[in-house]
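Rule-based calculations on the coordinates, nothing more; no lab input. Model, not experiment: these values are computed from the prediction. Quick reminder, even Gly has a Cβ in these numbers, built from the backbone with ideal geometry, and neighbours come from all protein chains shown.
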């Protein structure tokens, strides 16, 4: 049932875009406080923002996060964390843990001491490079830990194994990227139509964006890990 829903999501998004366009046309006829997508201005906007709308979905963050998560799960670390360890796996896990401790210590060393390079211009964590780069550093840690454990445990034998691990989750999430692209067009259309309306606040739009962008991602990941449970946790 979940798989069928995920397969239909792109069609649902496309239907939603058509509905928004139709409602904007009705709104133009009845002089609602909206902009019409099918007017001359609306058509010009639609054509010129097809690509730029995708940028609102923060696609680069999703891709980087999926690379990190993919390496982590393909390395076999989830099984070790859940307690399924051979002697070789325990040794590999201890080495990986040591690398993680060193990585975290280096990062903390750049913010805990006065004048740390990751602090803000006034020496605080607020508005610092550390906070801005925290998601990226967390994903990078997953990539490093996954590669270290993958090689030391024997899960990654060749360069091809490593490359496959980095793109494994991206391949599995290909249907999600189609949904994300169409969802970004939907969000862009709604923002254009409601740009002159005070009834649709930025808070509501932000919540809506997170729902249409990331709820499908969570559902896709749930299906992915459920289908590969024996592979990743045994």
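Diffusion coefficient of region 173-228 by Stokes-Einstein, Kirkwood radius over Cα pairs, 10 °C, 1.306 mPa s: 128 µm²/s. Full extension of the segment from residue 63 to residue 39, taken as 0.36 nm per residue of separation minus the current Cα-Cα distance, would add 5.1 nm.
Structural descriptor for the chain: relative contact order 35 percent, calculated from alpha carbon pairs under 8 angstrom and at least 6 residues apart.
Footprinting exposure proxy ranking of 49, 220, fewest other C-beta atoms within 10 angstrom first, gives 49, 220. Per residue, the convex hull spanned by the alpha carbons of the chain comes to 162 Å³. Here the extension length gained between residue 218 and residue 195 equals 5.4 nm, from 0.36 nm per residue of separation less the Cα-Cα distance. Between residue 22 and residue 157, the simple label model (points 7 Å from Cα in the Cβ direction) yields a spacing of 5.7 nm. By the count of neighbouring beta-carbon atoms within 10 Å, fewest first, 222, 72 end up ordered 222, 72. Projected onto their three principal axes, the Cα atoms of region 77-214 cover extents of 63, 45, 27 Å, largest first. Between residue 103 and residue 202, the simple label model (points 7 Å from Cα in the Cβ direction) yields a spacing of 3.4 nm. Comparing mean-square fluctuations of 124, 162, 96 from a GNM of the chain with C-alpha springs under 10 Å, the top value falls on 124. Against the chain, whose longest principal axis is taken from its Cα atoms, helix 159-172 shows a tilt of about 30°.
Placing one equal scatterer on every Cα of region 9-52 and applying the Debye formula, the log10 ratio I(q)/I(0) at q = 0.16, 0.17, 0.31 Å⁻¹ is -0.45, -0.51, -1.03. Please build a GNM for the chain, connecting alpha carbons under 10 Å apart, and tell me which residue among 46, 128, 172 fluctuates the most. Answer for the Gaussian network model of the chain: 128.
Between 0 and 90 degrees, the angle of helix 87-112 with respect to the longest Cα principal axis of the chain falls at about 60 degrees. Over the C-alpha trace of region 1-90, radius of gyration and Dmax come out as 22.6, 73 angstrom. With contributions of -39500 (n - 2.57) from each DSSP H run of at least four residues, the per-residue ellipticity at 222 nm computed over the chain stands at -25000 deg cm²/dmol.
Most mobile of 15, 57, 145 per a Gaussian network model of the chain (Cα springs, under 10 Å)? Among 15, 57, 145, the largest mean-square fluctuation in the Gaussian network model of the chain belongs to 15.
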